[in-house]
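Nothing in this text is a laboratory measurement; each read-out follows from the coordinates by a stated rule. From a predicted model like this one, the values you see are computed outputs, not experimental measurements. Quick reminder, even Gly has a Cβ in these numbers, built from the backbone with ideal geometry, and neighbours come from all protein chains shown.
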Amino acid sequence: MSALRQELRLEVSCNLGDLARATELLDSFWRNHDLDEDVQADLNIAIEEIVSNVIRHGEAGERPIVLLVGVDAEEVRVEIRDAGQPFNPLAHAMPDPGAPLEERRGGGLGIFMVTQMMDHTSYKREGEHNCFRMTRSRTRKS
């Protein structure tokens, strides 16, 4: 998050129950920065999707998932770092939500939703960490 001063750093244990605590802290942070409710909802859904996938599939063990969040006048930036197995969710084929149900493959809808709700998403493996980054304009409507 080099271009934006880090404003919030959260550690989430690799336990789905800890997501509720993180969401409460994020909700307070969003309100303190006067984020539109639709933007807040999109950010929460995207963060919960990525973090829950790390918890369920990332094999990070006891190492926490780190969220770095920054807000400026134009956008919100979120970085989610974990020490799990290397995995780039953006490298897999996105599902076609318009395809008939019997033709859809399982999985992938969550990351598809994230890419639709955010303005930019990226993944990079940095050393021993998966780094998923996303940005969302403060003014774009859902």
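Between residue 90 and residue 32, what is the FRET efficiency for a Förster distance of 25 Å, r being their Cβ-Cβ separation, to the nearest 0.05?
After rounding to 0.05, the efficiency reads 0.25.
How long is the gain from residue 56 to residue 128 if the chain were fully straight, where each residue apart is worth 0.36 nm and the alpha carbon distance is subtracted?
Value of the extension gain: 24.1 nm.
Label residue 24 and residue 44 with points 7 Å out from Cα along Cα→Cβ: what is the distance between them in nm?
That separation, rounded to one decimal, is 1.3 nm.
In Å, the Kirkwood hydrodynamic radius of region 8-137 over pairs of distinct alpha carbons?
Computed over Cα pairs of region 8-137, the Kirkwood hydrodynamic radius comes out at 15.3 Å.
By how many nm would the segment from residue 141 to residue 11 grow when fully extended, if each residue of separation counts as 0.36 nm and the alpha-carbon distance is taken off?
Additional length available on full extension: 43.9 nm.
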